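The values are calculated or read from the model by the stated rules, or taken from the named source; none is laboratory data. Quick caveat: nothing in here was measured; it's all calculated off a predicted structure. For neighbour counting, all protein chains shown are included, and Cβ atoms are generated from backbone atoms with ideal geometry for every residue, glycine included.
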Amino acid sequence: MFSIILAAGWPIWPLIASSVVALAIVIERYFSLTDAKIAPASLTKAVIDNLHQGIPPPDAIAQLERNSLLGQVLASGLYTRSQDALATEADLRAALHQAGRLAAQTLEMRLTALATIASAAPLMGLLGTVVGLIEIFGAQSPGSVSGNPAQLAQGISIALYNTAFGLIVAIPALVFWRYFRARADAYLLQLESSADQLLRRLRAMDTP
């Protein structure tokens, strides 16, 4: 493997660095975008059912906020209501919306970097191809048909290895970016639905 890296020349090093970063992002997102950390099952139902006993005390809301990302969204609405019993629907909606925006940022964390790597890796591979072609043309001495065989082989190695490695990095990065993007969108939709359910329940509590 090390011999291949040496044969690929210096353009391979940015691709290797990009592959390491992409792998780290994939591992981190895989263990972060889980139901337990984002939206535990039945959490919304449990919170809404407990509202039959009234707004929870601050320590219970704080515990809910630490539970998960969904807990943070639901806790924002409960905090607003607990601090102001006369909070309007607009106030509650604004609090939930702000918490939802912060949750969306958390869900999309590092996905932009992964998408950038997926887009840039083929270009870095193309750069290596161009460098390899320069090596090939540099091997053609004036008045010589075959040129320098060693330099010619080096140029071909640089061109082919960098092209292949660029695709090897880009394809998995693109696949995982689409996968995590879809998971983040699904979780975001779930958070919005839960926030709407909580808002309707809080509004119902105001109805005599």
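Data overview
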item	result
Exclusive hit being assigned to a helix (DSSP H, G or I), out of contact with any strand residue (DSSP E or B) (no Cβ under 6 Å at 6 or more places or on another chain) and either modelled with pLDDT of 85 or more or of a type in the set (Val, Ile, Thr) (or both), set 70, 133	70
Odd one out for residue 46 among (1) surrounded by 21 or more Cβ atoms within 10 Å (Cβ to Cβ); (2) modelled with pLDDT of 90 or more; (3) more than 21 Å from residue 182 (Cα to Cα)	(1)
In the stretch 29-67, residue farthest from the chain's Cα centre (by Cα) [restricted to those that are more than 18 Å from residue 80 (Cβ to Cβ) and not in a helix (DSSP H, G or I)]	42
Residue list for the stretch 187-208, filter: small (Gly, Ala, Ser) and closer than 18 Å to residue 102 by Cβ	193, 194, 195
Residue count, the stretch 98-125 (criterion: closer than 15 Å to residue 193 by Cα and surrounded by 15 or more Cβ atoms within 10 Å (Cβ to Cβ))	4
Single match in 187, 179 (criterion: farther than 17 Å from residue 42 by Cα and aromatic (Phe, Trp, Tyr))	179
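Yes or no, residue by residue, for (1) surrounded by 15 or more Cβ atoms within 10 Å (Cβ to Cβ); (2) of a type outside the set (A, V, I, L, M); (3) in contact with a Leu (Cβ under 8 Å, 6 or more places away or on another chain); (4) modelled with pLDDT under 90:
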| position | (1), (2), (3), (4) |
| --- | --- |
| 7 | yes, no, no, yes |
| 11 | yes, yes, yes, yes |
| 17 | no, no, no, no |
| 37 | yes, yes, yes, no |
| 40 | yes, yes, yes, no |
